[in-house]
Amino acid sequence: MYHVLVIDDEEAVRNAVRRRLEREGYEVETADNQSTGTAMIGDKNPPYDVVVTDMVMESPSSGLEILQAAMSQDVFTEVIVLTAYGNVANAVECMKRGAFDYVEKNIPGVDVFELLAIKLKQAVERRQNSIATIRKVKHYTNTK
C-alpha cells in the first residue's frame, strides 16, 4: 500500500482528496497547514511515497517549502502541487525544483479529483521505477 500525505488549508478540498485517494487504495494522511505537513514529513519513516500539497497556505511559497522538505527527507518522494492560483511562473518554479506535477484546482470542465488520481498513479509508478533503478545500480556496483 502506498502512503500519501495531503496538505491543504481548505478542509473541504483536503477531505475530498483524501476520500478519492482512499477509494483508489492509498493510505492517506492529512495536514491542514504547512507547519504540520512539514513536521509529518520529517517524522514519517519510511517516507511518504507521494505528497500532495496546496501551493498557497501560510505564505505564497508554502508549496515550494513543502516540496523542499519532502525532497530533503527522501529524494524519491513525488510531490504534486495543487493550486487555486495557477500561473506559469509558479508551475515552472515547482517543476524546476523537482515537483512531479502542478495541478490547478479550478480547471473548467475537468474533474480535478479524477485528474489527481491519474497523476498520483503516474507518480507512484515513477517512484517505483526510480527506486528499482537505484537498486539495480547498487547491485551491479556491489558485484564487481
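None of the figures in this text is laboratory data; all of them are computed from the coordinates on show. No experiment lies behind these values; they were computed from the predicted model shown. All Cβ positions, glycine included, derive from the backbone under ideal geometry; neighbour counts span all protein chains shown.
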Additional length obtainable on full extension of the chain from Val92 to Glu58, 0.36 nm per residue less Cα span: 10.2 nm
Ellipticity estimate at 222 nm from DSSP helix runs (n ≥ 4, -39,500 (n - 2.57)) divided over the chain, nearest 500: -17000 deg cm²/dmol
Among Gly37, Thr133, Ala16 the positive-end extreme of the charge dipole of the chain (Cβ point charges): Thr133
Spin-label proximity, Gln128 to the stretch 1-44 - amide N less than 14 Å from point 7 Å beyond Cα toward beta carbon: 1-3, 25-26
Selected from Met95, Ala84, Val4, residue furthest toward positive end of dipole (the stretch 1-132; charges at beta carbon): Met95
Residues Glu29, Glu125, sorted so that the one with the fewest Cβ neighbours within 10 Å comes first: Glu125, Glu29
FRET efficiency, 1/(1 + (r/R0)^6) with R0 35 Å, evaluated for Thr141 and Leu115 via beta carbons: 0.35
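Given R₀ = 25 Å, what would the calculated FRET efficiency be for Ile107 paired with Ser72, taking r from the Cβ atoms and rounding to 0.05?
Rounded to the nearest 0.05, the efficiency is 0.25.
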Net dipole in debye of the stretch 3-142 [+1 Lys, Arg Cβ; -1 Asp, Glu Cβ; about Cα centre; nearest 20]: 740
Neighbourhood net charge (10 Å Cβ-Cβ; Lys/Arg +1, Asp/Glu -1) for Lys105: -4
Rg to Rh quotient for the stretch 3-142, alpha carbon positions, Kirkwood Rh: 0.97
